[in-house]
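Here's the structure, in structure tokens; my notes come after.
The values are calculated or read from the model by the stated rules, or taken from the named source; none is laboratory data. Predicted model, so just to flag it, every value in this text is computed and none were measured. Because the Cβ atoms are built from the backbone with ideal geometry, glycine has one as well, and the counts that use them run over all protein chains shown. Only protein heavy atoms, including side chains, enter the accessible area calculation; ligands, DNA and RNA are left aside. Shrake-Rupley method; radii C 1.70, N 1.55, O 1.52, S 1.80 Å.
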Amino acid sequence: RPLLHEFAASAAGLPNAIVVDGHTDDRPIRGGKYPTNWELSMARAASVVRFLSSEEGIAPSRLSGSGFAEFKPAQPNSTGEGRAANRRIEISLLRRE
């Protein structure tokens, strides 16, 4: 949350669109709230979009999100450290055209 707050403070005065991408590691979901990594990755993105809008006041019209599940890993999933790096969100501030 502190990092998201810092990002929001920097982006608040800009007109640019903000895209939030959710990612997971390649481990299958076993029970719980989300049946697959697709739903988990989308939920990660949606929770950040919701936070930026409701808690930080970023206009909802500037925000969008998507989920990539395990299909765009940042690190190999062969180690615990790699899997941890792949459980992430990425925020892009789009260039205004």
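Compute the long axis of helix 2-11 from its Cα atoms, compare it with the longest principal axis of the Cα atoms of the chain, and write down the angle in degrees, 0 to 90, nearest 10.
40
Carbon and sulfur atoms: what percent of the 1.4 Å accessible area of the chain do they account for?
54
Once you charge only the Cβ atoms, +1 for Lys and Arg and -1 for Asp and Glu, what is the size of the charge dipole of the chain about its Cα centre, to the nearest 20 debye?
Dipole size: approximately 140 debye.
By what distance, in whole Å, do the Cα atoms of the chain stretch along each of the three principal axes, largest value first?
Largest to smallest, the principal-axis extents are 41, 27, 25 Å.
Compare the Cα positions of Asn16, Leu3, Ser47 along the charge dipole of the chain (+1 at Cβ of Lys, Arg; -1 at Cβ of Asp, Glu; about the Cα centre) and return the one farthest towards the positive end.
Positive-end residue among those listed: Ser47.
Give a residue-ordered list of calculated ³J(HN,Hα) values for segment 61-68 (Karplus: 6.51 cos²θ - 1.76 cosθ + 1.60, θ = phi - 60°; whole Hz; x for Gly, Pro).
Result, ordered by residue: 5, 8, 10, 8, x, 8, x, 10 Hz.
Show me the ranking of peptides 75-84, 44-53, 11-20, 60-69 by mean Cβ neighbours inside 10 Å, starting with the highest.
44-53, 60-69, 11-20, 75-84
If you line up the long axis of helix 37-50 against the longest principal axis of the chain, both from Cα atoms, how many degrees apart are they, to the nearest 10?
Computed tilt is about 20 degrees.
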